[in-house]
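Shown next, in structure tokens, is the structure this report addresses.
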Amino acid sequence: MKILKYTFALLLCATLSSCSSDDDSNSEDLTGQTGTLTLKFDNGVGDQDFIFGTSYNKSSAESYKLETLKYIISNVRVKDENGNTFTYPSADNVFIVDEAESNNAGEIYIDLDNVDAANYTEITFGLGIDQDRYALGAEGQGNFLTQAEAAGMMWSWATGYRFMRFDGTFSSATVTDEALNIHMGSVGTSLDNYREITLQFPNTVRVRETTTPQVHIVADIAKVFDGETSVELSNGYSQVHTDATTTTVIANNFQNAFSVHHVHNE
Amino acid sequence: MKDFQNTKTILLILAIISFTNSYSCDLCGCTTSSGSASFGDLQMTSFVGLRYIYQTYESKNGIFDNSPTSEEQFNTYQLWARVPLGKSFYVSAILPFQDLSRKFQGNTESINGVGDMTLIGWYNLKIYKSNSENKEAIDFSTNKELTGHSFNFGLGVKAPTGKFEEELTDRVNPGFQVGTGSWDAIATVMYNYGNNNLGLNTTFAYYLKSENKNEYRFGNQFSVSSNLFYKLKTKKMDISPFVGISGDVYDSIEQYGETLADTNGHLYNCSLGSEFNLKDFQLGLQYTLPIHQDFFGGNVEAKNRFSVYLNYKL
């Protein structure tokens, strides 16, 4: 029976030793330490990875195909386990997520440098451009204005930014391959379609000088058309530009299309 | 006749256990260095030898149903041995060399190196026939007739002799590693039965995995495997064809003390093979086919496995 005793002793040791290292992580001093946080945007349609030119079915017996899929993300900030918020420097805190620039796994990377080292539990980001940034005027936009113009993400300065561009065609019971252009944005200062999204991380995101955690964010494009509101493309939603009603519906739908699938700490 | 009935009962129990629990795979490179493919040969001989295990997996490289897949090939070369220490004790050891590669959209990447070593100390308990009136009693004293039943109790460790690369954990298949980087405890019980022409080996093993220096901990693992073999004696050699079933159940992986979603799983296999005993040498062939599996949220699929070993009997 000695053998049994040894067995338990060994198992106990292994169990204890595997627990013990948790204690020192809380006392880790992170003052002054910064690291990089990578956001991986991944566009999908339901459980399918989004692919250009693929026909996707939606409600109302309609389907759509896209050749352009991009949107603006801004004001990224993360909250740590103690409730402190780190906001990425404002001037650089605006990005275009363009499916055409995705890697072979269909992911678009945004690297946030010099993020305070901490254990983060939550992320908030904006979809589009908020009124404060717009109020800075054309000169206050820095390089982003040029970048947005080149990407076709601007109407005129007076009208402002296009927060998204979904360009392609749609088909319904009555039409085949009609033009589809969803260019939702705010309209000057008269219509505010900027939305914010807050998502909890499924696991703690540990930013350190030596580790670059990745947050895998999924945008379910199907929800843009069939989200909070199901829209009919053949009934006013094939061309969405500056109309107060349709742009607001699309903005609200898109706001709820995001989720964090998983995080990697490495 | 009594023996035959015992065997039947035991077989039935094992069949039930094997279907309700599971055992077997060495999942992938690192988590695989032992378990599935058993710690030794069928006949429980003492040996030193070489074993080669070839496994393939298909992993999804992305999170969607239509994400592209990569194909992973695991070549494991093992130096393995079972060495007796006195009458009732023996030691089994496995030192693997891993050569893993993965093909994705025309690109191939490889990692290779020494894997994690496994060392197990065993105590062998033979069951003797009872000579008392009470047929149910089991007498442990010596100088008795053997029943053919025996138990082996093993305790061991898996040492982090292989390299664990944290960067690779970003893969859909976290098992694409030559080592886990952790010290793991192994507790195992083996039941053997053999008569003149039939034999049965059943192994239960529990792997208690510890956290490695990257605060990454592979899930604890429970394995069961059972092989039934037939001894065919010819003039030149003994041939032992066998069939087996096995199963492995894995707990979730933990990192920084937090559970990672979709990292648990199970795998049930059936296998078919034969062992050839010729004088001092022993040759074994085994083909293993998954029957049912669910790994890493269905993102990793184990394909069939092939192993071959050549041992020199001590």
query = Roughly what would the spin-label model give for A:Leu191 and A:Ser59, points 7 Å off Cα along C-beta, in nm?
reply = 2.1 nm
key: Note, ³J(HN,Hα) from phi for the range A:117-123, Karplus 6.51, -1.76, 1.60, rounded to Hz, x at Gly and Pro   = 5, 5, 9, 8, 10, 8, 10
request  = Return the lysines within reach of B:Lys279: Cα separation strictly under 21 angstrom, same-chain partners fewer than 8 residues apart disregarded; answer none if there are no such residues.
outcome  = B:Lys231, B:Lys233, B:Lys235, B:Lys236, B:Lys313
note = Under the 7 Å Cα-to-Cβ spin-label approximation, B:Val48 and B:His292 lie apart by a distance in nanometres of 4.3 nm
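Given R₀ = 45 Å, what would the calculated FRET efficiency be for B:Leu278 paired with B:Glu109, taking r from the Cβ atoms and rounding to 0.05? Please list the in-between numbers first.
Values: r = 41 Å, r/R0 = 0.90.
Efficiency at R0 = 45 Å is approximately 0.65.
Ignoring everything except DSSP H segments at least 4 long, calculate the 222 nm mean residue ellipticity for chain A; use -39,500 (n - 2.57) per segment, divide by total residues, nearest 500.
Rounded to the nearest 500, the figure is -5000 deg cm²/dmol.
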query = Once the piece of chain linking A:Ser90 and A:Trp155 is laid out straight, how much longer is it, given 0.36 nm per residue of separation minus the C-alpha distance between them?
reply = 21.1 nm
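Just list whichever of A:Lys40/A:Lys79; A:Lys65/B:Lys60; A:Lys65/A:Lys223 have alpha carbons separated by over 22 Å in the model shown.
In this structure, A:Lys65/B:Lys60 exceed 22 Å between Cα atoms.
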message = Apply the Karplus curve 6.51 cos²θ - 1.76 cosθ + 1.60, θ = phi - 60°, to the phi angles in the range B:68-85 and return the couplings in whole Hz, x for Gly and Pro.
response = x, 9, 10, 10, 10, 10, 10, 9, 10, 10, 10, 9, 9, 7, 10, 10, x, 10
task = Per residue of the range A:135-150, in order, report the coupling 6.51 cos²θ - 1.76 cosθ + 1.60 (Karplus, θ = phi - 60°) as ³J(HN,Hα) in whole Hz, putting x for Gly and Pro.
result = 5, 5, x, 4, 5, x, 8, x, 5, 5, 4, 4, 4, 5, 4, 4
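Here, each number is a calculation from the coordinates, and none is a lab measurement. Note that the coordinates shown come from a computational prediction; the quantities given were computed from them, not determined experimentally. All Cβ positions, glycine included, derive from the backbone under ideal geometry; neighbour counts span all protein chains shown.
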